[in-house]
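The values are calculated or read from the model by the stated rules, or taken from the named source; none is laboratory data. All values reported here derive from a predicted model rather than from experimental measurement. For neighbour counting, all protein chains shown are included, and Cβ atoms are generated from backbone atoms with ideal geometry for every residue, glycine included.
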């Protein structure tokens, strides 16, 4: 039996707002592994190909310690266009510092968008890349911010071009929960606090029975009848108006440490029982690049505004690369998949797995025909026999955790969207909402 057939549980973990070069670009550097098979950073501080010029001064990538940043970085549609810096039809990836100055009004000697992290700052992400498979050409679907990219991730389409404080619209029958339920695929969401899925217009009260607190994950995995075919695991989002634990979604300006701790815990929980781990594939990726530099130009996949879209101007390319790791006993140590991918690679995989011979929907089909590959393509480059070893993650190095957002706002539009969704849930069924999300008791007044 192939690895594709043996995988019974697909686990999807989507973190927030970091680029590939920022998190995993170090893999190619001689001092950090010398992975020449990975499209990472070559001699980053001196390589002229990476330099962003502004007012006749050059800014190269630099080693950045994990830290709380002064503020979020620019990553809305217009800012991303500046970052991609198209010239004579070529995306030069040379406008990250310019966008930063437009966003903040000034530039420091080491502008945060150009910073990259070393393995000690991202120990679990680096561990996943070393012990399992890294996908080094996984792009965000759109050159835009959080909501449009998560919309594509969970429906194939985006009817929006920006992140605002309103329910996220989705074309009928494309929302991931609708699709899974329609095709009788068992699924469950394990949320750390308020769930991002609440922000979707298609989110309905009946779905609540499929939602569990993250604290229930270990017990459910140990139970013989509690292993759904598709599992979504969510961190604690910094944009949420209420919190049940440390913010660990990795969204700037918060640091990466709590998010790495979160990934370590999820890996330990999922791999604890070998008989179940041998049937599991965990996909870890990020919704978009969050304004951080990446040197690889995204493919020029033109995405017109779909029917019913709240915008009219087509997207002319995909967005910058994001970190993506495939973690499973079926992934060989130190593996790399260089094929072109984006978040619809997951939707392709789900369709292949549960509706063989049929596409998830027309937009996922269009992207497949353009050349976006499925997660299954990476599986086929690996053995069909699961590994007998379960590598131990590095020891926990977390020194502290941010319990509340920094004083500066993170994403005002997304913060408002969370607040709107929370109030709507309370209005629909207050008792049920508080049972599922008890932190809503502390929801601030408007």
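If you go through segment 202-214 and keep only what is under 21 Å from the mean Cα position of the chain (by Cα) and either more than 14 Å from residue 191 (Cα to Cα) or exposed (fewer than 13 other Cβ atoms within 10 Å of the Cβ) (or both), you end up with 202, 203.
The sole residue among 17, 52 that is crowded, with 22+ Cβ neighbours inside 10 Å and under 30 Å from residue 228 (Cβ atoms) is 17.
Taking the listed residues 192, 202, 186, the one that is touching a strand residue (DSSP E or B) at 6+ places or on another chain (Cβ under 9 Å), free of Cβ contacts under 8 Å to residues at least 60 places away in the same chain and under 19 Å from residue 422 (Cβ atoms) is 202, with no other qualifying. For segment 278-290, filtered to residues that are crowded, with 22+ Cβ neighbours inside 10 Å and touching a helix residue (DSSP H, G or I) at 6+ places or on another chain (Cβ under 7 Å), the residue that is farthest from residue 229 (Cα to Cα) is 288.
Results for (1) under 18 Å from the mean Cα position of the chain (by Cα); (2) surrounded by 15 or more Cβ atoms within 10 Å (Cβ to Cβ); (3) under 27 Å from residue 77 (Cβ atoms); (4) at pLDDT 95 or above, shown as yes or no for each residue.
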| site | (1), (2), (3), (4) |
| --- | --- |
| 292 | yes, yes, yes, yes |
| 302 | no, no, yes, yes |
| 335 | no, yes, no, yes |
| 341 | yes, yes, yes, yes |
| 361 | no, yes, yes, yes |
| 369 | no, no, yes, yes |
| 372 | yes, yes, yes, yes |
| 377 | no, yes, no, yes |
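Looking only at residues of segment 96-120 that are surrounded by 15 or more Cβ atoms within 10 Å (Cβ to Cβ) and assigned to a loop (DSSP other than H, G, I, E, B), we find that the one that is farthest from the chain's Cα centre (by Cα) is 107.
The numbered conditions (1) closer than 28 Å to residue 281 by Cβ; (2) surrounded by fewer than 20 Cβ atoms within 10 Å (Cβ to Cβ) are all true for residue 176 except (2). Only one of the numbered conditions (1) under 21 Å from the mean Cα position of the chain (by Cα); (2) assigned to a loop (DSSP other than H, G, I, E, B); (3) surrounded by fewer than 19 Cβ atoms within 10 Å (Cβ to Cβ) is violated by residue 93, and that is (3). Looking across segment 131-150, the residues that are farther than 29 Å from residue 423 by Cβ, part of a loop (DSSP other than H, G, I, E, B) and in contact with a strand residue (DSSP E or B) (Cβ under 7 Å, 6 or more places away or on another chain) come down to 132, 136, 137, 143. Give 228, 224 a once-over and let me know the one that is out of contact with any strand residue (DSSP E or B) (no Cβ under 7 Å at 6 or more places or on another chain) and surrounded by fewer than 22 Cβ atoms within 10 Å (Cβ to Cβ). None of the other options fit; the residue is 224. Screening residue 128 on (1) closer than 16 Å to residue 321 by Cα; (2) assigned to a helix (DSSP H, G or I); (3) touching a helix residue (DSSP H, G or I) at 6+ places or on another chain (Cβ under 8 Å) shows it passes everything except condition (1).
Of the helices (runs of 4 or more DSSP H) lying entirely inside segment 172-275, those containing at least 1 residues that are farther than 27 Å from residue 19 by Cα and out of contact with any helix residue (DSSP H, G or I) (no Cβ under 8 Å at 6 or more places or on another chain) span 176-182, 217-222. Within segment 151-173, the set of residues being surrounded by fewer than 23 Cβ atoms within 10 Å (Cβ to Cβ), touching a strand residue (DSSP E or B) at 6+ places or on another chain (Cβ under 9 Å) and under 27 Å from residue 435 (Cα atoms) comprises 167, 169.
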